[in-house]
Every structure is written in C-alpha cells, then in structure tokens.
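What follows is calculated from the coordinates using simple rules that are stated; it is not laboratory data. Being a predicted model, the structure only gives us computed values, none of them experimental. Using ideal geometry, Cβ is built from the backbone for each residue, glycine included, and neighbour counts are taken over all protein chains shown.
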Amino acid sequence: MNSTFFRSLPGNIFSGFVVSLIALPLSLGLAIASGVPPIAGVLASITGGIVVSFFGGSHLTITGAGNGLVLVILSAVTILGEGNLYEGYLYTLAAIICSGVLLFVFGVFRLGGLSNFFPSSVLQGMLAAIGIGIFTKQFFPMIGVIDVKGSIVDLILHIPSSILNIFSYRTFDELFPIIIGVISLVIMMVHPKIRNKYVKLIPAPMWIVVFAVALNYYYQGVLGVPFMKEDLLIKLPKNIFTELPRPNFGKIASSEFILIVFSITFVVSIETLLSIKAVDKLDPLKRRSNISKDLKAIGLANIISGFIGGLNVVTVIARSSVNVNNRGSNRAANFFHAFFLLLFIILFQKQISRIALPALAAILVFTGYKLAAPKNIIKSFKIGKEQGIIFLITLVFTLYTNLILGVFFGILATFLIHVIINKNLFLFTRNVLKPNVLMYEEEATGNYYISVKNFCSFLNINKLKNKLNQIPLEKHVIIDFSLCRFVDHTVMEELSDYNENIKRQGGSLEIIGLDFYVAQTGHPFALRKMPPVTKLGQKENPYLTKRQKDLDKLSTHLSWDYLPEGSSNLVKELDTFLYFKTKIINYKYNQIKSKNNTISFFDLSYSEGVFIAKDDQKTSFLLLYLKKKIPVFALDKEELFSNIYKLAGYKDINIKKYPDFSKHFFLRGEKRREIISFFQNEVVFFFESHPYYYVESNGDTLLIKQKNRLASAQEIKRMIAFGKELQSLLSKN
Amino acid sequence: MKEAKKFSCILMGFAFSPKVKVNVLEALRLSNYMKAKLILFHVGEKTKIKEESIDKIIKESEEIPPSISIKWEEGTPTKTLLTACKTYNVDLLLLGALQRENALNFYIGSIARKLTRKAPCSVLLLINLIEEKNIWEHIVVNALKNKLTVQTIETSFNIANVLSSKKITLVEEISQEKVTPVEDEKSLLEALAEKETLKKKSAIYSKDILEKIPNKIKDKLQIKIQNIFGKRGYSIGHYAKVVRADLLVMSIARNKSLFPLFSFSKDLEYILLELPTNVLILKYKKE
C-alpha cells in the first residue's frame, strides 16, 4: 500500500457509497426476479465486492448480482425445484458453487479468450433476449400482479390483456401498486434528464427506494392504515447471519444440473469479460485489466456466495460506470460498495422490508427495456442485413428454447451466413485451425506490422487478438488484410475497440488492404469480402473504408480530386518505368491527384509474371510530372538495390563530390554524365535530408514508392509532402 | 559436423502440363548455374510428339548444363521417381507444384507432397516461375536454432551466390511459448524484455554463423536478420509471402530419433499445404 492509495481513499469511499445506493435496490430486485429470496442478491454483491477487490485483476469494476443471469437462475430454480421454489433455490446454490469452480479453472488456464469466439451480433441478440425476459417477467409485479406463470413468450402475449384489465380495477387497494410502479418507472426515465446536482447526487433507484419507504411510513405512521398486501413487500430473514441456507448438491449428476452450471458459467464469463472490456475504455489512468486474475477472483466469489446463500457474482457494467463517473480510482471503491451494502442490511433491515415490490419491479423493467431497446436491433441492421438476421435468430431461439441453445443457433447462423456470402465452405474449413497472423517489428520505423491471411472472423479472431495484446500501446500498428479474403463484423468491431484503446495511449492503428473489398453497407463495422477476381478493378465499391475516407479528406484538404474506383488508364505510362519492366499492371485505384495534374498518388495492383496473375500485389505509388526534362535514373537505398536488377548492366554511379550521398544511395542510369550533373548541391542535400524513398525518373516523370505494400494514411501524407517539395525544388533549378 | 550442400546431380520430374515449358527451362537454368548434371525424368509413355516437344524446349534455351539426359519410364509416379532418385544418386529433386491445393487438383498436389516427404535427397518445389530471367532475388531462410541451422544457412548463402541473388533474410521465429503471456501492463513489460533478450541471443547466434561465411559471398548480398512473432515453424511461410521472397529454404533432418522428426515434419506439412513461394527443402542423411 503506498501513499497514493491512502490519498485516493476518501474518493473511493465516496464512490463506493454512491454505487452501493444503486446496488441495494438492484440486488434486491434481481434476486426477486430470479425467484430467490431478495437477500440472496445483496449477499452476492457483498461477497463479490469484498473478494474481487482483494483478489481481482481489474481496477474500476464493480462486482455483484448481475442482470444477465436472471433468466438462467429463474429457469434453474423452476426446473431443479420441480415446483418448489425454495428447494430449487438450494439446488441452484450448488450450481452456482460448481460454476464458481469452473470459472476459477478458466482463470487458471487463461481461458478468458474463449469469449472471443462469440460473434458480436450473437451476443447482442442474447443480451436483447435477456432484456426482453427481464422486462416481461417484471412487468407484472410492477402493476401489482404476482401470480403469473408461463414461458416468456406466453407472458409477452399476456401483457396487452393485463393492461386492459387495469381499467376494470375499482378499489384503491387494487390501483395503489400500479400507481407506485408507474411513478417509479417515471422516476427511472426522468432522472437522467434532470440537471439539478442535488437530484443527481442520489441515483434513480435510490430515489425510488426512498419514495417507496417514505410512502410506507406515511401510511402506517401517519394514516395508521396497512400500506399494502404483505405479499407485495420484501421479505428478509430475521437474522441473516444465522439463517444461512444449505446448498443442496443432490442433483449434481443430472443432465439439467450440468446444463445449468454451464449456462451460468457461460453468462457470468461473457458478462464479466464484456464489462471489463467496456470499463477499461473508461479508465482515466488507462490501465489494462488482468482478465485471468479477475476470472479467478470471480470464481472464488461465486463459490463463497453460493455457500452463504447468495446469487452469482459477475462484473456489472452499469454500476462500474457509475463508479468511474464518481471518480473511483481503484479496487477500494468496489470494497466499500460491499461494505456499505453490509452496513445497510444490518442497520436498515426494517426499512428495507418496507420497500414495495412494484417499485423494485419498475427499476428492473427499465433496465430490461434498455437491454432490449429497439435501437439495438436497428443498429444491427444498419451494420448489415446479415447482422440483423443473426441478431433476430439468436433472440428468437433464446426466448423459445434456452440461452445456450439460442447462442448455439446464433453462432451456427453466423457461420452459415459467412459461408453463403463467400460461396465457399472450404475457405473456412481448411483454414480455421491454421495460424493466420504474422507480426513483426518493421526495422526502420519501429512500427508493428501485422499481416492476416485467408480469412479473419469470430472463428479465429483470438489469434489476431493475441498478437495485438503483445504490442505496447504507444506504438504505431499497421494491419494488412491484403492476403485475407474475408473479414467479418466481429473483427471490424474488435479492431475499432482496439483502435480506441491504442489512441488513448498515444499509439495508432491503421488498416490497409481492405479498400477493394466489397461491403454490404456503409457502416464502419460492416463485414468485408474480396470480390470475385474477374470483377477486380471494374466494380465500384459504394462503401469506403476508413483509409479511403482519410484519403478523401486529404484530397479535400489539398483541394485535389479523389477517384476511389479502379481504372487501367495509367498502364502505358507506367510501363516506361524500369520498375515495371517485369511486372504486369492490372489496375490503379484510390487515386488522388492535384487539379493541374502535376502530382498524383494511387494504389496499384500488379503481378510479377504471367503465371501468378491471380496472386496480385498491391503497392502505393506517387507520380510527379515535371516541367523540364531530367535524366533517366533510379535512386534507391544502397542496400535495397534489388528493385532494379534489370539494370544489372549498369553500375552504381558514385559521385566523388558527395561521398556520403553515394554511400547511402544506390544510383543507376545509362547516361552517367548527365546524371552526375543533375545530382548537385541542392538535389543531393534534399535526398540526404529526407526519408528514403525509391525514386525513379523516366525523363519527365518521377515515380516514388515507399515500401512494397500499401501505404497507411500517415505514410501517404509524408509521401505527398516529400513529392511536393521535390517537385518545387526541381522546377526551380 | 555436416558440410554445406552442393548439388551435383539434379533430377526434374516433368509432366506435360501447361507449365512444362517454364519448369524445364528453369531446370536447365538452375543446373547450368550450379554446374550440375541434369536428368529430365518423365513417368509415362515415350511418344514421338512428347520427345519432340521436350527437345524443342531444350534447343530454345540458352542455358547449357554440363550434361543433360532424358529418361522415360512407366509406373506409378511416386514410386518410379523415388527409385530414380536412388539409382542416379540424385542430390536435388525438382518438382513443379501447385500453390494452393483444391479438391480438383488435390491428387496431383499430393504426389508432390508425398515425394517431398519420402525423397532421399533435397527437394525444390517450384511454384511461381516467370519465363523471363532471373527470379531468385530474395531468399528467405529458416534460421530456427537447431543442429542443422549452420548448414542450412551456409547452403543458402552458396545458393544465393550461384543464383546471383540480391538479398537474403535469416528469419528467426520468436515462439510464443518462451515468453510470458501478456495479461496486463506488468506482464506486457516482462514479455517485451524477454523478447528483447531472445532477439539479442538469436542475433548473436546468427552473427556467429555469418562469420564463417566467406566475405566474397557476403559482400554481394544484402543480409537481414528478421525476428517474427508467431507459432514456431508456421509463420515463416506467411513471412516469405508477405515480403514476396523468391525462395524459402527449410531444412529437415532425416533422423530416426523421434523428437526432431516430429517437430520438424509438422512445419513442413504446413508449408507444403500452402506453398508460399518456391520452397527448397534441404535433407541431410542420417549420421
């Protein structure tokens, strides 16, 4: 413990307090919604907060009872209890303990990466299904109806009739719960829009609790009439510390039990990992969470929570972000959130049991709605029709069957859609297990270069992520997809997340080699596939990539023209350069050129030799059109003379006056004398003082090339600056 | 200590495919450069037309190796070629191969793979040939540290010299297993430091080997040592493709002891499935 820890302690205590204000009603509500005693939720949050703050590997996350588990636990309680809810609860506790062991093992073996194998639209669909589940299940308690049963689909169909039913209510007793529920819901909806800082200080769920408890006191204390039917109030055990329930391991070998253990483990790990990822993005200190360590801690917390009768512990995103917003800065906040919860249930047990269920249900209806909000599915469809379909398939199957099957069908649908889009099953089956990512540090610049081949989708994204993880975040990373035939939405989204992270740390990420790929929509996360070979260079791609948009911006900046589509009208001109002597030029694309046609940048696709025409290479070039004739020459780094082997007959021209220049550059050309007289003072100084490029002259045009690959947006800017300077220098002489 | 390889007898197995001309021309060129005798070997019936077309190709070529002989034999391709390698005491077997196998030409490809695995001599698989001139500009060598590395590197330099290549890259793969897995900032720093040490070690090792290579060979070449991060034995093919190498040199121990055979042949299988460029597989006989 160092001094910063103590200095930040008051801040963390405060933040932990604010979080506990949300955690209390949510934990109670989630437990009720899950069909277990309300206290189980609070116990989970207390255990989670204490255990994970000591053993966890993340910094700002809050752990406790989470909304993702509601459906799984509720079905576990009903299935295992065979009608008896309390028996079901005891069996479920055993399942929670078993899943805790599994999670701990996941952490030990560093299996956190497993969550990468789920397509992001499937996860979205799953979350929406959970949201719909919570919404429908809690809708009835919110309007004071507690004895409804049936599947989620049945309940959804039941909603309209129960709303109509409200209008037949006559007595105040009947209407009262609805009024509390609706007012609570309104508080949830209105609170975020209120700017008053005193209102803001207390989170909406706590306002609802205060409102519900105050109303209760008013009725009983002032009016002296019973507040509400007993079954619409929270029941807490008389002494929570002596009445610990005993987990029942009696069904441990049954298939239902095992399926439930897996479902719980699956949802806990997914929810936890997604939350950690999201919270890391919010961290002002830009720390990286240790996922394996966190999983171990969560596993341990689940084991303990199960033994004392608590629900499962997960990392929760909403409470974590409240923690960040209140300037929590380390794990102490999570600890104090648990501490205050413990304090609340010891000190305010009586008050807590006065909270009306409709109020708690309203909080959950709101969270359920947010998870399932229609805008999520609209967003999915915007990324691509296929993503929307995957989303819907997962959603419907999860609602009609169960979570595991829903996710399974979602993954299956994603895979089939990928196969159909590519019209190629082999691409996937043949390459799925092969290492497809190569990474190395580019010597001259220190940039990390990553090349991905075959295909890159949710099936093998972990290989790419593994490599990305090893890069210090202040570096410049270039990902080249030109050897890759298909990139899916999950990968694009992951890369955009990574880009955000690396940007915050001062690094940057650029993607090259995707420009000619076909996207279905203009969304930055849309999947991209390589078009059939015969269409290359002719078909216009309506949706630009990030790099193309950068190029477009750059050309407006310079007031140049941008032509993203492929064309082959440069071929004759380029053939005059020695560089292309043995190469076949296919087409150029992504051209930006000045209005007066004196300078132009473009990507070029070409092949070396006839036999590998299919295996084309893509490289970026800059062309400078000069006003005056200059000698024909080729200038390269001394060590990279391989580019112009065709000139094997010519020797390196050494200029005696400039030994340094001659040492660093490899200069070749036929007319030795003319070349020497051209490379004088200013020209030599220019090349010596600028970064190396391959520069070739055909007499009136200069060809400039940086590397044997496409240039990234930053590199293009440097290239153009170099070209412009060189051009103005040469027109001066 | 084994010596660097010199190839004095080259056998080219040819079939009458559209690529026959380039393949034969390349065989002529290589054996001329290496001053090796060349055996052009066809498994199949000898007919007048076939004979004439081969003769025509040989006459067209400007390259004249010390000796050329054409053999025709019937039988199963793999068996016949393997026997031929033994009978004529061949050092290097040239095979035209397909870059990427699909279901249709899987059979043809599998012959090349089978031969590569079983051949008693080194094998050169040719995939992207150009009819025009010298294409052996850039050679990528697997410098993975093992008991064959020294010879592999020496042989590669000799070949680079003979083929007047311009550039040679020694690739060492930094294996993931040797480095702390990255989980947070602390482990990232640890991993980076470990990688740095590994890099330095491999640089020293490669430099030691380079010392032994005569300067007159080294001077003509641009030499690069490249560390890549990836799975051992797998990423080198990808690298060769990315840098557009013209030749990838790998070595394989024909050693009966279980371990090296196992670890090496796995790399080889991978390279064979997805030939990134022309691949030379050096085989050393059992000591």
Taking +1 at the Cβ of each Lys and Arg and -1 at the Cβ of each Asp and Glu, which of A:PHE486, A:ASN431, A:VAL452 sits farthest along the dipole of the range A:430-530 towards its positive end, judged by Cα position relative to the Cα centre? A:ASN431
Could you work out the pair-distance distribution P(r) of the range A:1-137 from its alpha-carbon pairs, with 10 angstrom bin width and percents rounded to whole numbers? 10, 31, 36, 18, 4, 0
Above 20 angstrom, tally the Cα pairs of the range A:122-248 and express them as a % of all pairs, no decimals. 61 percent
Positive-end extreme of charge dipole, chain A - chosen from A:SER380, A:ALA362, A:LEU71 (charges on Cβ): A:SER380
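What area, in nm² and to one decimal, does the C-alpha convex hull of the range A:3-373 cast on average over all directions? It would help to have the intermediate numbers written out before the result.
Values: hull surface 75.8 nm².
Computing the convex hull of the Cα atoms and averaging its projections yields 18.9 nm².
If you take all C-alpha pairs in chain A, what percent of them are over 47 Å apart? Can you show the working numbers first?
Details: 93264 of 268278 pairs.
When every Cα pair of chain A is considered, 35 percent fall beyond 47 Å.
Can you check what the net charge comes to around A:GLY16, using other residues whose Cβ is under 14 Å from the Cβ of A:GLY16 (Lys, Arg +1; Asp, Glu -1)? Intermediate values should be presented prior to the final figure.
On the way: positive: A:ARG319, A:ARG327, A:ARG331; negative: none.
Result for the neighbourhood of A:GLY16: +3.
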Using the Karplus curve 6.51 cos²θ - 1.76 cosθ + 1.60 with θ = phi - 60°, what ³J(HN,Hα) values do you get for each residue of the range A:83-96, in whole Hz, with x for Gly and Pro? x, 8, 4, 5, 4, x, 4, 5, 5, 4, 4, 4, 5, 4
Tell me the net charge near A:VAL209. Cut-off is 14 Å between Cβ atoms, A:VAL209 excluded, with +1 for each Lys or Arg and -1 for each Asp or Glu. +2
Under the helix-only model (-39500 (n - 2.57) for each DSSP H run of 4 or more, divided by the residues of chain A), the mean residue ellipticity at 222 nm, to 500 deg cm²/dmol, is -17000 deg cm²/dmol
Longest to shortest principal axis, alpha-carbon extents of the range A:360-460, angstrom: 60, 34, 24
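Hand me the chymotrypsin sites (Phe, Trp or Tyr not before Pro) from the range A:198-305 located in a DSSP loop with no more than 16 other Cβ atoms within 10 Å, in residue order please. Intermediate results must be reported in sequence, preceding the final value.
Numbers: sites: A:TYR198, A:TRP207, A:PHE211, A:TYR217, A:TYR218, A:TYR219, A:PHE227, A:PHE241, A:PHE249, A:PHE257, A:PHE262, A:PHE266; in loops: A:PHE227, A:PHE241, A:PHE249.
Sites meeting the loop and neighbour criteria: A:PHE241, A:PHE249.
Calculate the dipole size of chain A relative to its Cα centre from +1 charges on Lys and Arg beta carbons and -1 charges on Asp and Glu beta carbons; express the result in debye to the nearest 20.
Details: 78 positive and 51 negative charges, 298 e Å.
For this selection, approximately 1440 debye.
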Does the range A:279-357 come out rounded, prolate or oblate, given a ≥ b ≥ c as the square roots of the eigenvalues of its C-alpha gyration tensor, rounded meaning a/c under 1.5 and, failing that, prolate meaning a/b above b/c? oblate
Shape call for the range B:134-278, from the Cα gyration tensor axes a ≥ b ≥ c (a/c under 1.5 means rounded, otherwise prolate when a/b beats b/c, else oblate), comes out prolate
In what sequence do A:GLU696, A:GLU82, B:GLU274 fall when counting other Cβ within 10 Å, fewest first? A:GLU82, B:GLU274, A:GLU696
Based on alpha-carbon centroids, what's the gap between the range A:41-105 and the range A:660-681 in Å, whole number please? 75 Å
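Take the alpha carbon gyration tensor of the range A:202-343, find the square roots of its eigenvalues, order them as a ≥ b ≥ c, and report rounded if a/c is under 1.5; if not, report prolate when a/b exceeds b/c, else oblate.
oblate
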Taking +1 at the Cβ of each Lys and Arg and -1 at the Cβ of each Asp and Glu, which of A:ALA721, A:SER34, A:PHE176 sits farthest along the dipole of the protein assembly as shown towards its positive end, judged by Cα position relative to the Cα centre? A:ALA721
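Out of every Cα pair in the range A:430-530, what percent are spaced more than 25 Å from each other? Walk me through the numbers on the way to the answer.
Details: 713 of 5050 pairs.
Roughly 14 percent, once rounded to a whole number.
Quote the charge dipole size of the range B:1-87 about the Cα centre in Debye, to the nearest 20; the model charges only the Cβ of Lys and Arg (+1) and of Asp and Glu (-1). The partial results should precede the final answer.
Values: 16 positive and 11 negative charges, 63 e Å.
With Lys and Arg at +1 and Asp and Glu at -1, about 300 debye.
Rounded to the nearest 5, what % of the DSSP beta bridges within the protein assembly as shown are antiparallel ones?
Percent antiparallel among DSSP bridges in the protein assembly as shown is about 50.
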